Structures are given as structure tokens and as C-alpha cells.
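Okay, so here's the structure we're looking at.
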Amino acid sequence: MSDVAAEIKVGDTAPDFTLKDQDQKDVKLSDYRGKSNVVLAFYPLDWSPVCQGENKCLTDDFPKFQSAHAELFGISCDSFFSHKAWADSLDLKHRLLSDFNREVVKKYGLYFEPLNCGKRATVIVDKNGKVAYVKVQEIKVAREDKDILAALAKLS
């Protein structure tokens, strides 16, 4: 698809976006500029086994992300209705953003066309709005929180 950007890389300015979370509240990336680092945990779909285990781990490690002065957001192409039911069923502490129109996954070059969803990827946006870390994974392989936390530790 021609409207998909090149895959995001370290040093890029993170494309701004506004998405709704599971409580239908707007989240604007640029609102965190100058305030905190932002971890964007892109994942394919709610209710899938790998995503479920992974988001449970993110929630278990939520205090570590808070200690690292980072905002943590899960992003998938599911609706906020699905996010709400899923977050409630798993008792998730972090916010899930709905990229229902696939705009953000395409801006970040993380669109996975075969499943019409986002890839499994982690992007850390630093306080200056620059991409400080990117890891794209096999769609069925869960991310490692310790890698993300180690990358955050390097950012002031």
C-alpha cells in the first residue's frame, strides 16, 4: 500500500497523533513533549494469546515504567469498545489506544497488511519527540519488558 510510510527508526521525529483510549479519552502524543518519555507498545490484536500474555506483563511491570518516568500505551487497530472489555477482563493498568483507521501504524511504517493490523513493535519516544528506541518483532513473539526498561534507563 502506497500510504504506508517507511518503518520508523531511531532519530526520527515521532509522527504526532491523537487516538482514543479504552475510556474514549483522547491521547495526543505531543502533549508529553518536554514532560516524559513515551513507550508505544504496538500489538496486532486484542484477545489473541501472545498479546494477552504480553499486555499482562506490561501491566505487572507498570510500576517500573512509572519509576522510569515513562508513559506506557498499548496500540492496536481494535475499537475502544474491544479495548475496554479486554482491559477490564485482564485488569490492565496501562491505557490502550485505538488506531481503528490504521493511521498511526501506517505513519510509523508498522502496518501488517496480511492481517490488516499493526506489527508487534515497541517504539520509545523521548521527551524531545524523537524516536530513541525501535524494536519490531515476529508477530507471534512477545516483547521483553527488560529490554524496554533498559532502553528507558539510558534516557535522562
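For the range 20-30, enumerate the residues that are open to solvent by 10 Å² or more (accessible area, probe 1.4 Å), at negative phi and outside any helix (DSSP H, G or I). Before you say what the answer is, go through the steps one by one.
So in the range 20-30, the residues open to solvent by 10 Å² or more (accessible area, probe 1.4 Å) come out as 20, 22-26, 28-30.
Filter again for at negative phi, leaving 20, 22-23, 25-26, 28-30.
Lys20, Gln22, Asp23, Lys25, Asp26, Lys28, listed by residue number.
Go through the range 96-135 and give me each residue that's open to solvent by 70 Å² or more (accessible area, probe 1.4 Å) and either in contact (Cβ under 8 Å) with a residue 60 or more places away in the chain or not aromatic (Phe, Trp, Tyr) (or both). Spell out the reasoning first.
Residues of the range 96-135 open to solvent by 70 Å² or more (accessible area, probe 1.4 Å): 100-101, 103, 107, 113-115, 128, 130, 135.
Result: Asn101, Glu103, Lys107, Glu113, Pro114, Leu115, Asn128, Lys130, Lys135.
Report whether or not Val4 is aliphatic (A, V, I, L, M) and over 15 Å from the mean Cα position of the chain (by Cα).
Working: aliphatic (A, V, I, L, M): yes; over 15 Å from the mean Cα position of the chain (by Cα): yes.
Here the answer is yes, as Val4 does meet what is asked.
Looking only at residues in the range 53-95 that are touching a residue at least 24 places away in the same chain (Cβ under 8 Å) and polar (S, T, N, Q), which one is surrounded by the most Cβ atoms within 10 Å (Cβ to Cβ)?
Once the filter is applied, the top-ranked residue is Ser76.
Give me the residue from the range 131-151 that is at pLDDT below 95 and charged (D, E, K, R) and, out of that set, farthest from Ala14 (Cα to Cα).
Per the criteria, the residue is Lys140.
Working carefully through the options Ala142, Ala87, find the one that is in a helix (DSSP H, G or I), among the hydrophobic types (A, V, I, L, M, F, W, C) and either out of contact with any helix residue (DSSP H, G or I) (no Cβ under 7 Å at 6 or more places or on another chain) or over 14 Å from Glu7 (Cα atoms) (or both).
Values: Ala142 fails: in a helix (DSSP H, G or I).
Going through Ala142, Ala87 in turn, just one is in a helix (DSSP H, G or I), among the hydrophobic types (A, V, I, L, M, F, W, C) and either out of contact with any helix residue (DSSP H, G or I) (no Cβ under 7 Å at 6 or more places or on another chain) or over 14 Å from Glu7 (Cα atoms) (or both): Ala87.
Quick one: in the range 31-52, of everything that is in a loop (DSSP other than H, G, I, E, B) and without any contact (Cβ under 8 Å) to a residue 60 or more places away in the chain, which residue is least open to solvent (accessible area, probe 1.4 Å)?
Here is the first cut: in the range 31-52, the ones in a loop (DSSP other than H, G, I, E, B) are 33-36, 43-48.
Cutting the leftovers down to without any contact (Cβ under 8 Å) to a residue 60 or more places away in the chain gives us 46-48.
Details: Asp46: 10, Trp47: 133, Ser48: 31 Å².
Across the range 31-52, the extreme among qualifying residues is Asp46.
In the range 1-24, what residues are free of Cβ contacts under 8 Å to residues at least 12 places away in the same chain and more than 20 Å from Asp126 (Cβ to Cβ)?
Step one: filter the range 1-24 for residues free of Cβ contacts under 8 Å to residues at least 12 places away in the same chain, giving 2, 18.
Scanning the range 1-24 gives a single hit, Ser2.
Mind counting the residues in the range 128-156 that are β-branched (Val, Ile, Thr), under 21 Å from Cys117 (Cα atoms) and within 13 Å of the chain's Cα centre (by Cα)?
Applying the first criterion (β-branched (Val, Ile, Thr)) to the range 128-156 yields 131, 134, 136, 139, 141, 148.
If we keep only those that are under 21 Å from Cys117 (Cα atoms) too, we end up with 134, 136, 139, 141.
If we keep only those that are within 13 Å of the chain's Cα centre (by Cα) as well, we get 134, 136.
The qualifying residues number 2.
I'm trying to understand the selection: among the residues of the range 138-148, which are buried (at least 17 other Cβ atoms within 10 Å of the Cβ) and closer than 26 Å to Pro63 by Cβ? First the steps, then the outcome.
Going residue by residue through the range 138-148, those that are buried (at least 17 other Cβ atoms within 10 Å of the Cβ) are 139, 142-143, 145, 148.
Within the range 138-148, Ala142, Arg143, Asp145, Ile148 qualify.
I'd like the full set of residues that are assigned to a helix (DSSP H, G or I) and either under 16 Å from Ile124 (Cβ atoms) or small (Gly, Ala, Ser) (or both), limited to the range 63-84.
Lys64, Phe65, Gln66, Ser67, Ser82
The values are calculated or read from the model by the stated rules, or taken from the named source; none is laboratory data. All values derive from a computational prediction rather than experimental measurement. Using ideal geometry, Cβ is built from the backbone for each residue, glycine included, and neighbour counts are taken over all protein chains shown. Surface accessibility is based on the protein's heavy atoms, side chains included, excluding ligands, DNA and RNA. Shrake-Rupley method; radii C 1.70, N 1.55, O 1.52, S 1.80 Å.
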